[in-house]
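In what follows, a structure is listed as structure tokens, so that the remarks can point back to it.
The values are calculated or read from the model by the stated rules, or taken from the named source; none is laboratory data. Nothing here was measured: the structure is a model prediction, and the numbers come from that model. Counting neighbours? That spans all protein chains shown, and the Cβs are built from the backbone with ideal geometry, glycine included.
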Amino acid sequence: MQGIEADLRSLIDACYGLRGPETAIITPAGQPHDPHQALKAFHRYRDKEGAVSQATFLAEPDIHNAVSAFLSIVLEGQIRNLPRAPGCLLVNCAATVTSELPEVGRLLDETFAGTQKMIARRFGEEVEKGALPADFPIIERARLLVDFMNAQAVRIRAGEEPSKIEAEIPQKVRLVLS
């Protein structure tokens, strides 16, 4: 792992253009670069961004509106810092270092599995209430929604217009809930 600290810092700089005081979330000024600081930053990012999207999804009483609101709030987070930092720090940056830093891979696995479980619980509740059919494929559709969330990050990072992705949300809602 020699040199991974510099490589990770360069990767984060390249992915998200972190400069000046903002770099303190990765490594405090004057400190040697520590990949574990980046891991902590990834954790903080996940906890902050994840809390917003999960709260939005769970607060909406109608499941169709909840799925739509979830994708919309995730998209909003992915474009909040345009043009400097499009996409998702975890999907677009952290995922690229999992072979060098297995703990980052574990963080991503935990994050995506936790999001999928939260969505699946909500889908299960909706099946119990009769809002979704009894044979609704809960796990598969929760996974599909997480996949849509991650694909948005890749598309935004690749330069796709947010309005195009936003216009597709109703179709994604239909696919997830059909």
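One residue stands out in region 51-107 among those that are closer than 16 Å to E166 by Cα and hydroxyl-bearing (S, T, Y): the one that is modelled with the lowest pLDDT, namely S53. Taking the criterion of being in contact (Cβ under 8 Å) with a residue 12 or more places away in the chain, assigned to a helix (DSSP H, G or I) and more than 16 Å from N65 (Cβ to Cβ), the residues of region 149-174 that qualify are M149, N150, Q152, A153, V154, I156, R157, P162, I165. Name the single residue, out of those in region 142-176 being over 17 Å from the mean Cα position of the chain (by Cα) and surrounded by 19 or more Cβ atoms within 10 Å (Cβ to Cβ), that is nearest to Q116 (Cα to Cα). Checked region 142-176; the qualifying residue nearest to Q116 (Cα to Cα) is V176. Number of residues in region 158-178 that are among the aliphatic types (A, V, I, L, M) and touching a Pro at 6+ places or on another chain (Cβ under 9 Å) equals 1.
Regarding region 86-109, can at least one residue be identified that is of a type in the set (K, R) and touching a helix residue (DSSP H, G or I) at 6+ places or on another chain (Cβ under 6 Å)? Scanning region 86-109 turns up no residue that is of a type in the set (K, R) and touching a helix residue (DSSP H, G or I) at 6+ places or on another chain (Cβ under 6 Å).
Would you be able to tell me the number of residues in region 85-123 that are assigned to a loop (DSSP other than H, G, I, E, B) and either touching a His at 6+ places or on another chain (Cβ under 9 Å) or in contact (Cβ under 8 Å) with a residue 40 or more places away in the chain (or both)?
The qualifying residues number 7.
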